Amino acid sequence: MSAHTDEKAARALLVRTARSLFTRSLTHGSTGNLSVRLADGTLLLTPTGSSLGTVEETDLSRTDLTGRHLDGPRPTKEAFLHAAFYRARPTAHAVVHLHSTHAAAVSCLADLNPADALPPLTAYYAMRVGTLPLLPYHAPGDSSLEPLAERTARDHHAVLLANHGPVVAGASLEQAADAIEELEETAKLHLLLRGHATRPLTPEQAAALAPTFS
Ligand code: ZN
């Protein structure tokens with residue numbers, strides 16, 4: 001399912017994916033949030049203050065594309081980031097944001113390349129993530145980040161928030177979740193390899209695999 005046309009199925013998939021990410025420790029406590037875009041253009045998001053491990057299908061928030069709350073519990077305070085990604089990427093139908101440990105650790109390193117925070121260490125990273133711009137630190141819920149997030153998302157489906165974690169959009173929730181897991185694994189490899197001479201993919205090898213989807 002890429003368009004999330006059936007709301008009941010979309011709610012079930014959102015909760016299933018949230019639980020899967022949480023139970024595998026890809027985010028912790030009440031961090032991380034997921035959303036899907038429905039066929040009517042509204043967004044279903046995980047609510048504020050909820051744990052991805054216990055969120056229920058009936059607990060989801062609905063907003064419009066400006067992030068305005070329409071029904072359900074209050075959305076995550078990072079809802080503006082989700083809305084910015086959907087406005088920037090008409091083909092995106094899902095957004096996943098995590099505080100996954102290794103990607104969050106990389107986001108705290110000094111001297112990151114703001115245009116691309118991780119090297120293309122593996123083919124799957126080059127295929128599913130590609131380049132990873134770093135957005136400067138903002139306090140959680142500080143919506144002054146919104147214009148920059150929207151501009152950056154026009155050319156990139158994945159970004160890393162400094163001292164925070166990744167945000168990844170996809171044509172489907174499965175695709176967005178797959179890509180953010182690949183990002184987390186590459187962040188882990190990158191940290192494991194620090195201090196070792198490393199051969200990332202060449203620019204040509206990475207370009208040949210660059211993602212073309214939303
Ligand atoms: Zn966050």
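The values are calculated or read from the model by the stated rules, or taken from the named source; none is laboratory data. These numbers were taken from a predicted model, which means no experiment stands behind them. No Cβ is skipped: glycine too gets one built from the backbone with ideal geometry, and neighbour counts run over all protein chains shown. The protein model used for the area step is the full one, side chains on, heavy atoms only, and it has no ligands, DNA or RNA in it. Shrake-Rupley method; radii C 1.70, N 1.55, O 1.52, S 1.80 Å.
Being within 16 Å of the ligand (Cβ to nearest atom) and open to solvent by 30 Å² or more (accessible area, probe 1.4 Å) is the filter here, so list the residues in segment 152-177 that pass it.
163
In segment 90-146, how many are assigned to a helix (DSSP H, G or I) and under 19 Å from residue 192 (Cα atoms)?
Within segment 90-146, residues that are assigned to a helix (DSSP H, G or I) and under 19 Å from residue 192 (Cα atoms) number 10.
Only one residue in 51, 35, 25 is in contact with a strand residue (DSSP E or B) (Cβ under 8 Å, 6 or more places away or on another chain), hydroxyl-bearing (Ser, Thr, Tyr) and touching a residue at least 24 places away in the same chain (Cβ under 8 Å). Which one?
The unique qualifying residue is 35.
Residues to consider are 65, 70; find the one that is surrounded by fewer than 13 Cβ atoms within 10 Å (Cβ to Cβ), modelled with pLDDT of 95 or more, more than 15 Å from residue 168 (Cα to Cα) and more than 15 Å from the chain's Cα centre (by Cα).
70
Enumerate the pairs (first residue in segment 127-140 and more than 19 Å from residue 170 (Cα to Cα) and open to solvent by 50 Å² or more (accessible area, probe 1.4 Å); second residue anywhere and within 12 Å of the ligand (Cβ to nearest atom) and assigned to a loop (DSSP other than H, G, I, E, B)) with beta-carbon separation below 8 Å, excluding pairs fewer than 6 apart on the same chain, so at least 6 apart or on different chains.
Here the result reads 136/162; 137/162; 137/163; 137/164; 140/77; 140/78; 140/164, each pair linking segment 127-140 to a residue that is within 12 Å of the ligand (Cβ to nearest atom) and assigned to a loop (DSSP other than H, G, I, E, B).
Of everything in segment 30-52, what is closer than 15 Å to residue 20 by Cβ, in a loop (DSSP other than H, G, I, E, B) and either open to solvent by less than 20 Å² (accessible area, probe 1.4 Å) or among the hydrophobic types (A, V, I, L, M, F, W, C) (or both)? Give them in sequence order.
Those that are closer than 15 Å to residue 20 by Cβ, in a loop (DSSP other than H, G, I, E, B) and either open to solvent by less than 20 Å² (accessible area, probe 1.4 Å) or among the hydrophobic types (A, V, I, L, M, F, W, C) (or both): 32, 46, 52.
Report whether or not residue 85 is among the aromatic types (Phe, Trp, Tyr), under 15 Å from residue 145 (Cα atoms), within 15 Å of the ligand (Cβ to nearest atom) and open to solvent by 20 Å² or more (accessible area, probe 1.4 Å).
Here the answer is no, as residue 85 does not meet what is asked.
With respect to residue 184, is the statement that it is within 16 Å of the ligand (Cβ to nearest atom), among the acidic types (Asp, Glu), more than 17 Å from residue 32 (Cα to Cα) and touching a helix residue (DSSP H, G or I) at 6+ places or on another chain (Cβ under 9 Å) true?
In short, no.
Across segment 178-199, what is the total count of residues that are more than 19 Å from residue 107 (Cβ to Cβ) and open to solvent by less than 60 Å² (accessible area, probe 1.4 Å)?
0
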